[in-house]
1. With all distinct Cα pairs included, what does the Kirkwood hydrodynamic radius of segment 1-69 come out to in Å, to one decimal, could you say?
2. How much length is gained if the chain between Thr94 and Val32 is pulled fully straight, taking 0.36 nm per residue apart and subtracting their Cα-Cα distance, in nm to one decimal?
3. So what's the back-of-envelope 222 nm ellipticity for the chain, counting only DSSP H runs of four-plus at -39500 (n - 2.57) apiece and dividing by all residues, rounded to 500?
4. Could you give each residue of segment 208-223 its phi-based ³J(HN,Hα) in whole Hz, using Karplus coefficients 6.51, -1.76, 1.60 with θ = phi - 60°, and x for Gly or Pro?
5. Could you give the distance between the Cα centres of segment 215-260 and segment 161-178, to the whole Å?
6. For a quick size check, give me the Cα extents of the chain along its three principal axes, largest first, whole Å.
Amino acid sequence: MAFSLTVPFTRLAVEGLSPLFIGSARAVVAAVLAAAALLLTRQRLPRGVQWLRLAVVAGGVVVGFPMLTSFALTAAPASHGAVVIALLPAATATMAVLRGRERPRAAFWIATGAGAIAAVAFASAQPGGFGQLHGTDLLFFGAVLAAAVGYAEGGLLARELGAWQTISWALVLASPLMTALVAFSVSQQPPAATPVQWAALAYLGVVSMFLGFVAWYRGLAIGPMSQVSQVQLAQPVMSICWAAVLLGEQLTWAVIVGGLAVILCAGAAVRVRHNRRAAP
């Protein structure tokens with residue numbers, strides 16, 4: 001639910017703020033909250049290779065996904081951006097198998113494939129969907145890959161460091177770069193936006209970049225990640241509904257029917273029992 005508002009609010013924010021400012025400022029806002037939480041609770045520092053793994057998380061979900069989607073949504077409607085979310089569960093499941101050596105049953109992959117097809121078809125039914133490919137799709141595909149890597153690695157790290165600690169350390173680690181990008185973007189184009197657009201940016205920083213990840217990484221840590229990730233198939237349904245309510249984008253019967261299909265596939269995938277056979 002927290003992530004379902006990310007694409008519509010990003011689309012709203014880019015109407016008044018530069019994509020570079022949005023992608024970096026949201027991370028800085030979240031980093032301030034994360035640093036305060038770490039200091040107040042006196043969390044121990046990550047050790048050794050954990051810093052490198054946190055850099056992977058930061059590169060995927062703190063830098064990669066926010067930046068790429070912010071630039072893409074300057075030209076694409078929020079309904080088109082929901083295609084990113086439609087492909088994320090399948091990409092995350094694949095990364096979980098590769099990185100976490102999970103071994104889902106064949107029934108899981110069938111449900112995952114059906115869910116991905118239903119989600120893409122659902123998003124494609126909207127104006128600006130896959131039926132009208134353009135250059136921003138490369139940014140969206142890059143965002144999917146970045147997020148999938150960040151989700152899989154973050155889910156594994158959450159089992160060692162804790163869910164909110166993982167995203168907090170990733171935000172703190174990326175904060176020098178993101179702060180520098182904020183300063184650069186302000187020097188190039190001083191921000192000037194409406195109160196609503198500033199509120200959208202605040203949501204992206206507080207919820208999409210921090211609080212949402214607390215719940216998300218906790219869920220992935222409980223796992224198995226390849227199954228838990230399929231819950232996100234319901235996200236494009238909610239995102240396009242929010243786009244209709246908040247941005248006035250058209251909501252048709254095709255969206256309603258497609259949304260139901262996506263949710264049913266998500267439920268089927270989550271309920272498939274995980275094959276616990278050890279990887280060789």
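1. 13.7
2. Length difference between fully extended and current span is 19.1 nm.
3. Here the helix-only value at 222 nm equals -23000 deg cm²/dmol.
4. The phi angles translate into 4, 9, 10, 4, x, 6, 4, 6, 5, 5, 5, x, 5, 5, 5, x Hz.
5. Rounded to whole Å, the Cα centres lie 25 Å apart.
6. Projected onto the principal axes, the Cα atoms of the chain cover 52, 49, 28 Å.
The numbers here are math on the coordinates, done by the rules we state, and not lab data. Note that the coordinates shown come from a computational prediction; the quantities given were computed from them, not determined experimentally.
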